[in-house]
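Structure first, then comments.
FYI, it's all coordinate maths here, none of it is from the lab. All figures in this text were calculated on a predicted structure; none of them were measured in a lab. For neighbour counting, all protein chains shown are included, and Cβ atoms are generated from backbone atoms with ideal geometry for every residue, glycine included.
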C-alpha cells in the first residue's frame, strides 16, 4: 500500500463532469490498494472571476482580503469533489488550507509554507477516506487566510507529499509528460520516462507551463518523486526524481529554449574592478533578474559588458543602464530584444567537452551565429538571433539523437 | 460611543455597487462616533448557484461538504466589503465564521450557535477598524465548517450583538420596518416605531419575510434591541425590544395573518382521557407542527376533535389521522385546506375582554363566520374561510384604529 498525492489543476476540475472524472480516477487508485490525498485548484475561470470582482470593488484591493476572496475558489472545488466521491460510494473529506492546517508566513498573495500538520489527514486516511485538500492556500499564525501565489497548488501538493512522506506526488496536467523539447517546434520530440530535478529546473522554459519551478525546488529539497501525467489520457507520464543511478556517460535529456529574452550591451566601459557591480547593482535593486552575463576581453583599458534580462523588463533595464553608462563614461548603450536562448540539458555534461563541441559544430553547420554562451553542471546555453530558434532546436534535437519513434 | 451590529442581506450586497453603498453607510455610522460590526449574507443568487453546482455533482450531496461549499458565498462578500471599506480609506478586517470563531454544534446545514469568542473582534474594534463578519456560518468543535440554515445571517447578527453586548442590532432589509399589517392587504397599514419581541413573534406571519423567528427568539433571550431598517432608504425603522414601560391599557399593535393553514376534524371520537394524545402523538412523531387545537363539548360520550397544521403538511397529516380514526372507531375524517388564521396582536390583551368583544363583533358585522378561536397573553387568533382573509384583516385594522396617515 502506497500513499499517493494527486494534484489536479483548474482545467481538470473545470466542470461538474470533469470533477466526477477526477473522482473516478482517484477511486481507481484507492481500489488498487493505495491511500489517496487529492490537491485541487479553483475551477478554471473562477480565480479570474474573483479577481475581477475584487478589482471592481477597489482599484487596489487589500491583499489580506484578496486572499480571503481567492481562497473561496479552491474551497468550492474541494467541497464538490468530496461530494462527488461520496456520491460514488467512496468515503471522503475535504479540508481547506486552514483546516489541515497548512501554516504559512504572513506574506499575503505570495505566502511561503512553513509547516504542515499531518495528523488530521493521516487520521482520515487511516479511516479509509480519500482526503481532498485545497491547493494554493494556507493560514498564517494568526489564522488569517493566505495564498501561495502563482503555481501555488503544485507547491501545496509537493509540500503535502513531503509532510506525509508520500511515495509519489502525481501532478495531472493537460500534457502527458515532459518532452525532449517543445513538440510544437520539433514534431519528433519524445516524452521522457524519467528526468532529474536539476534537469527539470533547466527545462523550465518548457516545463513552466507543466510544473512550477518553485514546486520542483521544493520536491528536490525534500526528495519527493513527482510524476507529471495527463488528466485526460492514460499513461505513465514522466517521473521527476533524484538521480539514483549516476552514470559515467553524459546524457542529454532535452533541448530547452526561451523566447523571453533580451540583451543589453554597454560597450567601451573602463576595465576596472567593480564595473560589473556598478552596472548590475541598480538593475538588481529594481528587482530585474539578470541571466547570462559576459564581459569581453579588455582592449586598451576598455571592455564591452553584456547581459540578458527577461524581455518584459527590457525597457526598464535600458533606462537604468543608460543613466549608469553616462556616469561611467561608456559609449551609447545597445539593446536587442530579438534574441532567444537555446539550451542542451543533461546530467554530467560540463566534464564532457564532447557535448559542447557537438553543439557548437551543429549550429555552425547551419550558419547560426552564437552571440553568448553560458554553461552549468547540467546545461550549455547559447544566445542566438530569434529567427534561428526553430532551426537551432531541431538541429540540436537531431544532433543528440533525441527523436522518439512516435510524435505527439 | 455605541457599538452597533449592522446586518445586510443578499439583496443589499447583490452587486459591486451595492457593496460600496453598504460600505459608505457603515462609514457614516463610524463617523458618528460608533463602533461598527457588519454581518453579511452571500450576494443574491450566489447561494442558489452553489446549491445547483452541488446537486449537479451529486443528487444527495454530503451535508458536511454542502456547508463547506455554501460558506464560500459569505466569504466572498466579507472580502469584497472589507476591500470596499479600505478602498474608501476606512480601516477594516473580515472574519469568516471560523475565524471569529463562532462555535456551533455539529448539526450540518442547521447548526446552532454555542459560543462566540469576542476577543478578536473587540481588539479589531479597539484598533479603529470596522469588522466584517460572515453570516450564516460557524465551525464545530473539530473545526468543520457548519451553516445555520434558513435566516442564519439574522441569527449571526443577533448572536454577535449579544456576545459583544452591542447597543443595537440593525437588520437592513428591503422594507423600512414592521407594519400594523401587510400593506398589500390593507394599504393604510402603518409602520410601527416600536414593537415588543413577543408581539414580533406573533407577527411572524408578516415578519417572517423581514426577520427570522429564530433570531427574534435569540434577541428576546439575550435582550438585544433589534432595529429593522431599509437598506435603500433612510429612516429610523422599527425598534424591536423588551417592553420597558408596561402600560395598563391594552394596546393592539397589529393584525397578523397566515395563509399557510389547513384544518383536520375527527368527528365522533369517544370522549375519554388520552384521546388528544392518541391523535396528536403520531402527528408529532411525523414532525408535523400542530397549531390551534379544539375539542368540542362532549355529546352522548362522543366529541369532535379539530386541529390545524401547516398547509404543506396537510396531505401527510390526513393520511396519518385516517389510520388512527379507524382504530378509534371515529366517523370519517374531515379536512379543509381553504382556511386562514387572522390574529390581533398586542401586549396585555387577555385580561381585557374588550379586545375580544370588539374583534368578534366586527367580524360578525361583516358576516364572517369564525371556525376556531385561540388566545394567548398577547394575541387572539381566529380561523376563518380563506375567502374572508382580506375583508377580515381590513375590518380589524379599522376596528382597532391602526390606520396611519400615510400609506406605503
Place the peptides B:325-336, B:40-51 in order of packing, highest mean first, counting for every residue the other Cβ atoms within 10 Å and averaging per peptide. B:40-51, B:325-336
Relative to the first principal axis of the alpha-carbon coordinates of chain A, what is the inclination of helix A:213-222, with its axis defined by its Cα atoms, in degrees from 0 to 90 and to the nearest 10? 70 degrees
Along the Cα-to-C-beta direction of residue B:259, a point sits 7 Å from the Cα; which residues of region B:158-202 have their amide N less than 14 Å from that point? B:182-186
Taking a virtual spin label 7 Å from the Cα of residue B:127 along the C-beta vector, which residues in region B:74-98 bring their backbone nitrogen under 11 Å of it? B:92-94
Suppose you put the label 7 Å out from Cα in the Cβ direction; list, shortest first and in nm with one decimal, how far residue A:112 is from each other copy's label. 4.8
Computed from the mean reciprocal separation of all distinct C-alpha pairs, what Kirkwood hydrodynamic radius does region A:254-399 have, in Å? 16.1 Å
Note on chain B: contact order normalised by length, alpha-carbon pairs under 8 Å, 6 or more apart, percent, works out to 14 percent
Using only Cα atoms and rounding to the nearest 10 degrees, what angle (0 to 90) does helix A:152-163 make with the longest principal axis of chain A? 70 degrees
Would you work out if the protein assembly as shown is rounded, prolate or oblate? Take a ≥ b ≥ c from the square roots of the eigenvalues of the alpha-carbon gyration tensor; rounded if a/c is under 1.5, else prolate when a/b is larger than b/c, oblate otherwise. prolate
Please compute the average number of Cβ atoms from other chains found within 10 Å of each residue's Cβ in peptide A:72-78. 5
Dividing the Cα radius of gyration by the Kirkwood radius, what Rg/Rh value follows for chain B? 1.02
How many Cβ atoms of partner chains, on average, are near each residue of B:18-24 if near means within 10 Å of its Cβ? 1
Find how much the distance from residue B:105 to residue B:193 grows on full extension, using 0.36 nm per residue of separation minus their present alpha carbon separation; answer in nm with one decimal. 28.1 nm
With one decimal in nm and the nearest listed first, the spacings from residue B:91 to its own position in the other copies, using label points 7 Å along Cα-to-Cβ, are 4.8
Give the calculated FRET efficiency between residue A:375 and residue A:15 to the nearest 0.05, with a Förster radius of 51 Å applied to their Cβ-Cβ distance. 0.65
Rounded to the nearest 0.05, what FRET efficiency is calculated for residue A:217 and residue B:55 with R0 set to 60 Å and r the Cβ-Cβ distance? 0.90
Testing the spin-label approximation: label points 7 Å from Cα along Cα→Cβ at residue B:386 and residue B:352. State their distance in nm. 3.3 nm
From DSSP H assignment alone, runs of 4+ in the protein assembly as shown each adding -39500 (n - 2.57), the sum over residues rounded to the nearest 500 puts [θ] at 222 nm at -11000 deg cm²/dmol
Based on the mean of other Cβ atoms within 10 Å per residue, sort peptides A:108-114, B:115-121, A:392-398 so the most packed one is first. A:392-398, A:108-114, B:115-121
Can you list, shortest first in nanometers, how far residue B:232 lies from the same residue in the other copies, with each label 7 Å from Cα toward Cβ? 4.6
How shielded is B:60-67 by partner chains, expressed as the average number of their Cβ atoms within 10 Å of its Cβ atoms? 6
Counting only C-alpha contacts under 8 Å and six or more residues apart, can you give the relative contact order of region A:316-408 as a whole percent? 30 percent
Can you name the residue in chain A whose Cβ lies closest to the A-to-B rotation axis, and give that gap in whole Å? A:72, 2
Specify the angular offset, from 0 to 90 degrees and rounded to the nearest 10, of the alpha carbon long axis of helix A:353-365 from the longest principal axis of the alpha carbons in chain A. 70 degrees
